[in-house]
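Read the structure below first, then the notes.
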Amino acid sequence: MLRRYPWCLLPWDQLALWAVTIGASMVEASPPPIVGQTLNLLLRGGPDIGANGLLRFYLLHVLAVPAILFVFLGVHYYKVVIHGFSLPPQKENIGEDTAKRVPLDKRVYYIPEILTSEIMWIAVTTFVLVVLSIWFFHAPLENHADSQVTPLGTTAPWYFLWIQGALKLGDKVFWGIIFPTLIIILLMVWPYVDTQVSRRYAHRRLAITIGCLFVSIMTILSYMGLSEYGVTTSADTEVLHDAVREPAYGYIGFIRPVPFDQLVPGMYSTEQIRIEREVNPADFQLDFAAFNTEIDENGQADGIIEQLQLQYLSMTDVAFRPVPSDAPELYRALEEYYELLESERQELRNGWGAIIITETQPNLVRVDAVVLWEEVLIERGRVALDENGNAIPRFYRVSEDGTPLTDETGKPIIVDAPEPLLDASGNPVLDESGQPRMLTIPVERVNSQYIYLHRNAEYFFLPGGG
Amino acid sequence: MGFFSRLLNGQMIFERMETRILVGIVMFVATMILIGWVAINEGARMAAFDRQFAARSIERGAAMFSTYCSTCHGNDGRGIGGKAPGLNNPALFGHDFIPEVNGPRNALIAERTTLENEANDGENPPTDERRAEIDARVNEINTQIADLEQQALPFISQAQDAMVRGYDPYRPSRLANVRWGSSVFNYVYSTLVHGRPVSSGYWPDPMPNWAQQSGGPLRDDQLRDITNFILNWNRDFTIEDLVSVQQFAVEPCDPLACGGGGVETVGNDVAAIMEQFPSVTGDPNRGQALYNNSALPARGTVLGCTGCHTGGLQAPDLAGTWTRVLNERLPALPEYASGEEYLVNSIVRPNDYIVPTYTAGLMPNNFGERLSLQDLADIVVYLMSQDQ
Ligand code: HEM
């Protein structure tokens, strides 16, 4: 494990940087502080991992690590030569050390038997690796390492996931340093602890049980190490991230692989999918004119314009339209977007999404993924539920003419239940259309993320990814 | 015995050594064939990756341009009047819309300069005969140039908006104008590395330096990404592209000294200005043009009011100016007799009163030396129409 760690950094891309940063800050936690800080400084060569840190890791990689490996290999072969190989457990009498005592006619010699076998397997596995890397796995570099940008859901490489999972159990020092060290020491001393004479499986139930338990625990810890587990990111951020994320670990934002020709500039809404699927499957139509007027009137259009302005896109007019029929992949992306929002219904109350495509240059478009929803009560990172298991929507309190009210500090007043306007006798006052007039309006929220996509960038789904 | 029981028993899968050797050799040869096949296709594969690499570099550059550059150069890169020049701009790429005029015209001008140098050479004065020859040729050149400029008229009438914003149809290449001897890439890249600290002399905010090696925030590869993005604006430009550029580069000169001249400006004595004010009638349309950098004031280049007064972040928003003056400023500031006076004072002596929450000293205090009485009246009338 220690030996694998340094080479994560060598590709010097985003993944590498963050995986290693997490590791190095674990080292930093090793007690006492002076040791941790010094080790961390030694590793990184500075407060952050920069070009110098890279050089250190490279040196570790090409000199120190092979040197250690060399020593271990030496010990390994020394032991093999001294002790020899044993027969398979069933074939030896209990308590008998068969190594070196194998009858001559049953001995297998390194040359030529083992050697030919090893060479054959090297040839076979090399062939398999070459085939896999030609046709099945691409290993693109991610963007150049950027210490200013933390990708959402940074995880260590798979063989480190269990430590990351353990870290979520509590104390950084114990779970990040002491626990892994104990495990490694345990593995090293195990042969001296488990000195049972018989090597037959039936006689080693305890040891085999412990082994299985160990594998299960490692699997669970690794699962916990995934960013999906126990990290509470708000649902809107999560959804947007799924829409645009840079390719990594076999995942890619679902908008990226849409072919460039299908990224037709325009504004598209997941409402189109909802109407087609739920409301009116018979004639498959969203009345876009009505929809555009509606969001104009309820202020969502202005919300979108304001949000995009903050993200440096100037736009004066919000006008959604159906996805062109010759853009099936764009349609697929919109469907995926809709399904994601659907799965977050509780937190993203009445949520809907927009994909807004604008041309930046003749061969470059900008894609903004926008999500709009009504805020619900969140407690400790989770949606708070009422006794019926429903999310609790939040409202601004407004005056009778609809202007938001503020408290003494100038912050808007937010309440957890709608309040109708009541007349003197306590009956709700109705407006012209017969709806009760309200003293509260839902807390409307909007969030967005954008990416640029170039005609030649060629993002594709990776095998095994989502 | 089957495959798995052999494995479990720690036996060899292929009992016979010959089989192992054969399998090994076949796999080795197959690997070599595959690698050979890949090597043959490597050129095309690498080319595809190169294209992809360049494309992704442009994507990253675009994202950084939005965050770091668009506040000055505009979201669409067309520049912001009075704030920073357009980069999505035919002039940056040296696109010449009238090569049939500029080619011969430049040759004629070069010839004229040589002739004039010869005529004015004090040490080796030409003979009278030669002088007459030179004069004749210079006259001929001048008529030829005038003819050529006639040919350029249709283009010039279309390019009027661009010319107000600093475009010179006869000198269409920014790089040639600053005598840059290298590529556009290097021009943009080195501008990013160093910034233009001295440009504070003729822009409200100078171009900052961006490279980490010069103390800025961006790494070298990021600067390349942004540069690639800017270069990706190069195309077969049209006149529409030209006139939609909001601001062209300014050649370093004192803003008070270049352009205009000869016209009297208002100065910054508010009482004196208010006395003369009734003698002129303001034209709100021209005021709007001055405010939006599509007309020139009495002296210097475009005013650039919009460069700061947009969106209300850096300076109060244009919309509702007059309402604010009447409802908020005048009640709070009894020293101003009228809304006009407040506006005049705010423009020619911006630091007398600082609008709360905004930075003092940001608004240039030399407009009094750049506006004529008519200019000022036009702008004030325009601002008075902002009563939403
Ligand atoms: C015991 C010997 C070695 C082992 C097991 C080993 C293994 C690895 C592994 C697993 C990676 C990570 C690849 C990735 O995740 O992208 C890597 C990367 C790398 N190694 Fe080694 N390595 C060894 C020795 C060396 C030596 C001696 C050198 C140079 C002289 C070297 C240079 C590199 C470089 C430059 C990379 C980064 C490549 C990239 O992904 O761009 N390694 N190595």
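The values are calculated or read from the model by the stated rules, or taken from the named source; none is laboratory data. Given the structure is predicted, the values throughout are model-derived calculations rather than measurements. Please note: Cβ atoms are built from the backbone with ideal geometry, for glycine as well, and neighbour counts cover all protein chains shown. Accessible surface areas use protein heavy atoms only, side chains included; no ligands, DNA or RNA. Shrake-Rupley method; radii C 1.70, N 1.55, O 1.52, S 1.80 Å.
Determine whether the range A:438-447 contains at least one residue that is among the polar types (S, T, N, Q), surrounded by 16 or more Cβ atoms within 10 Å (Cβ to Cβ) and within 19 Å of A:Arg349 (Cβ to Cβ). For the range A:438-447, residues among the polar types (S, T, N, Q), surrounded by 16 or more Cβ atoms within 10 Å (Cβ to Cβ) and within 19 Å of A:Arg349 (Cβ to Cβ): present. For the range A:355-374, the condition holds for no residue, the condition being that it is modelled with pLDDT under 90, surrounded by 12 or more Cβ atoms within 10 Å (Cβ to Cβ), away from chain B (no Cβ under 14 Å) and over 22 Å from B:Ser66 (Cα atoms). Total residues in the range A:163-212 satisfying the condition of being assigned to a helix (DSSP H, G or I), hydroxyl-bearing (Ser, Thr, Tyr) and either in contact with a His (Cβ under 6 Å, 6 or more places away or on another chain) or within 27 Å of A:Ser86 (Cα to Cα) (or both): the figure is 3.
Do you know which of the residues in the range B:191-226 that are over 25 Å from B:Gly81 (Cβ atoms) and away from chain A (no Cβ under 14 Å) is most open to solvent (accessible area, probe 1.4 Å)? Of everything passing the filter in the range B:191-226, B:Gly215 is most open to solvent (accessible area, probe 1.4 Å).
If you go through the range A:185-214 and pick out every residue that is of a type in the set (A, V, I, L, M, F, W, C) and surrounded by 12 or more Cβ atoms within 10 Å (Cβ to Cβ), you end up with 5.
Condition check ((1) surrounded by fewer than 18 Cβ atoms within 10 Å (Cβ to Cβ); (2) modelled with pLDDT of 90 or more) across all residues:
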{"residue": "B:Glu335", "(1), (2)": "yes, yes"}
{"residue": "B:Tyr342", "(1), (2)": "no, yes"}
{"residue": "B:Gly361", "(1), (2)": "yes, no"}
{"residue": "B:Asn366", "(1), (2)": "yes, no"}
{"residue": "B:Leu376", "(1), (2)": "no, yes"}
{"residue": "B:Val381", "(1), (2)": "no, yes"}
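On the stretch given as the range A:134-150, residues that are within 24 Å of A:His241 (Cα to Cα) and either open to solvent by less than 50 Å² (accessible area, probe 1.4 Å) or modelled with pLDDT of 80 or more (or both) total 4.
Looking across the range B:354-380, the residues that are under 20 Å from B:Leu296 (Cβ atoms) and aliphatic (A, V, I, L, M) come down to B:Met363, B:Leu371, B:Leu373, B:Leu376, B:Ala377, B:Ile379, B:Val380. Of all the listed residues (A:Leu55, A:Leu161), the sole one being surrounded by 13 or more Cβ atoms within 10 Å (Cβ to Cβ), at pLDDT 70 or above, touching a Gly at 6+ places or on another chain (Cβ under 9 Å) and of a type in the set (A, V, I, L, M) is A:Leu161.
Take A:His61 and decide whether it is touching a helix residue (DSSP H, G or I) at 6+ places or on another chain (Cβ under 6 Å) and either away from the ligand (no atom under 11 Å from the Cβ) or modelled with pLDDT of 75 or more (or both).
Numbers: touching a helix residue (DSSP H, G or I) at 6+ places or on another chain (Cβ under 6 Å): yes; either away from the ligand (no atom under 11 Å from the Cβ) or modelled with pLDDT of 75 or more (or both): yes.
Yes, satisfied.
A:Val71 satisfies every condition listed in (1) modelled with pLDDT of 80 or more; (2) in contact with a Pro (Cβ under 7 Å, 6 or more places away or on another chain); (3) exposed (fewer than 11 other Cβ atoms within 10 Å of the Cβ) except (2).
Checking B:Trp233, B:Trp203 one by one, the residue that is of a type in the set (Phe, Trp, Tyr), assigned to a loop (DSSP other than H, G, I, E, B) and modelled with pLDDT of 85 or more is B:Trp233 and no other. In the list B:Pro356, B:Pro252, which residue meets the criterion of being modelled with pLDDT under 90, away from chain A (no Cβ under 14 Å) and either surrounded by 18 or more Cβ atoms within 10 Å (Cβ to Cβ) or within 24 Å of the chain's Cα centre (by Cα) (or both)? When all the criteria are applied, what remains is B:Pro252.
Just one of A:Glu458, A:Glu400, A:Glu387 is part of a loop (DSSP other than H, G, I, E, B) and within 14 Å of chain B (Cβ to nearest Cβ); which is it? Working first, answer last.
Values: A:Glu400 fails: within 14 Å of chain B (Cβ to nearest Cβ); A:Glu387 fails: within 14 Å of chain B (Cβ to nearest Cβ).
From the options A:Glu458, A:Glu400, A:Glu387, the qualifying one is A:Glu458.
Only one entry in A:Ser227, A:Ser269 is within 24 Å of A:Gly353 (Cβ to Cβ), modelled with pLDDT of 90 or more and of a type in the set (Ser, Thr, Tyr), namely A:Ser269.
Only one of the numbered conditions (1) within 14 Å of chain A (Cβ to nearest Cβ); (2) over 23 Å from B:Arg179 (Cβ atoms) is violated by B:Asn89, and that is (2). For first residues located in the range B:40-58 and facing another protein chain (nearest Cβ under 10 Å), partners that are surrounded by 11 or more Cβ atoms within 10 Å (Cβ to Cβ) and assigned to a helix (DSSP H, G or I) and lie 6+ apart or on another chain with Cβ distances below 7 Å form the pairs B:Ala54/B:Asn228; B:Ser57/B:Arg224; B:Ser57/B:Asp225; B:Ser57/B:Asn228; B:Ile58/B:Asn228; B:Ile58/B:Phe229. Within the option set B:Ala63, B:Ala44, being open to solvent by 20 Å² or more (accessible area, probe 1.4 Å) and over 24 Å from B:Arg224 (Cα atoms) holds for one residue only, B:Ala44. Exactly one residue out of B:Met17, B:Met32, B:Met27 is surrounded by fewer than 13 Cβ atoms within 10 Å (Cβ to Cβ), at the interface with chain A (Cβ under 10 Å from one of its Cβ atoms) and modelled with pLDDT of 85 or more, and it is B:Met32. Consider only pairs whose beta carbons are under 7 Å apart and that are at least six residues apart or on different chains; among these, list those whose first residue lies in the range A:63-79 and is away from chain B (no Cβ under 14 Å) and whose second residue is within 14 Å of the ligand (Cβ to nearest atom). Short answer, once both residue conditions are applied: A:Val65/A:Arg3; A:Val65/A:Pro6; A:Ile68/A:Arg3; A:Leu69/A:Arg3. Here is the figure for the range B:66-86: residues that are open to solvent by 10 Å² or more (accessible area, probe 1.4 Å), in a loop (DSSP other than H, G, I, E, B) and within 9 Å of chain A (Cβ to nearest Cβ) total 2.
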